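To start, the structure under review is shown below, and the notes come after it.
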Amino acid sequence: MFTGIIETTARVVAIEKENSNYHFTLEVPFAGELAIDQSMAHDGCCLTVVKVDRERKQYTVTAMDETMLKTNLSRWQVGTEVNVERSMRMDGRFDGHIVQGHVDLTATCTRVVDDNGSWRFYFEYDPAKAPSITVPKGSISINGVSLTVVDSKPSMFSVAIIPYTYKVTNFHNFQPGTVVNIEFDVFGKYVQRLLEQYMAARQ
């Protein structure tokens, strides 16, 4: 489990394909603190650490075909900047919202508006892949970042980004056409499923 509070960004330094799997090696300052089998969120996608090189401050994670198909990892290249967060500590403050690291779908950035000191980012996604369960002032995870929805419409939503978040996450790289990972609020997903079952039972 994660909170959506990004620790820093990691940089992809190598990509290796082995059968249907992809091994991504990333460089991050706290690599020396990592352990094999540890879970980490990468742009909001939970991946397992399989190798650590403490001298080079690098570590490796593996993604399978299913992950590559449903996330933006297929767009990663050497040099890509990735938001990373280690799993939540039970003795820490819960500053974001519950993020599982299970990406629901990808969305595309359609517009970036400079809002006189902050930024407004607009995103669209395919409603056939996931129903719209965003609500104004509700929570959403974009590339692993815990954010509050501003505008909410079917297959479209927007969020506001303050300068700190813009600087410490990979939001500063976003532009129209950028593909991001989306995880909807888990409570919203449960409510939606219960309503679907209720409506189906009434038919």
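The values are calculated or read from the model by the stated rules, or taken from the named source; none is laboratory data. Remember, it's a predicted structure, so these values are computed and weren't measured experimentally. Please note: Cβ atoms are built from the backbone with ideal geometry, for glycine as well, and neighbour counts cover all protein chains shown.
Values computed for the structure shown
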| item | result |
| --- | --- |
| Number of positions in the stretch 19-53 that are free of Cβ contacts under 8 Å to residues at least 60 places away in the same chain, of a type outside the set (S, T, N, Q) and under 16 Å from Trp76 (Cβ atoms) | 9 |
| Meets criteria (loosely packed, with under 11 Cβ neighbours inside 10 Å and under 17 Å from Leu105 (Cα atoms)) for Ala201 | no |
| Matching option when the condition is β-branched (Val, Ile, Thr) and in contact with a Cys (Cβ under 6 Å, 6 or more places away or on another chain), among Thr178, Thr169, Thr110 | Thr178 |
| Strands (runs of 3 or more DSSP E) enclosed by the stretch 1-76 - at least 2 residues per element that are over 16 Å from the mean Cα position of the chain (by Cα) and aliphatic (A, V, I, L, M) | 8-18, 45-53 |
| Test set (1) closer than 26 Å to Phe174 by Cα; (2) surrounded by 15 or more Cβ atoms within 10 Å (Cβ to Cβ) - Val52 fails condition number | (1) |
| Sole exception among (1) within 29 Å of Leu195 (Cβ to Cβ); (2) under 16 Å from the mean Cα position of the chain (by Cα); (3) part of a strand (DSSP E or B); (4) of a type in the set (A, V, I, L, M) for Val82, by number | (1) |
| Top-ranked residue in the stretch 115-147 [being assigned to a strand (DSSP E or B) and small (Gly, Ala, Ser); ranked as surrounded by the most Cβ atoms within 10 Å (Cβ to Cβ)] | Ser141 |
| Residues being at pLDDT 95 or above, in a helix (DSSP H, G or I) and farther than 24 Å from Thr67 by Cβ - total across the stretch 148-201 | 7 |
| Residues being touching a strand residue (DSSP E or B) at 6+ places or on another chain (Cβ under 7 Å) and crowded, with 17+ Cβ neighbours inside 10 Å - total across the stretch 90-101 | 4 |
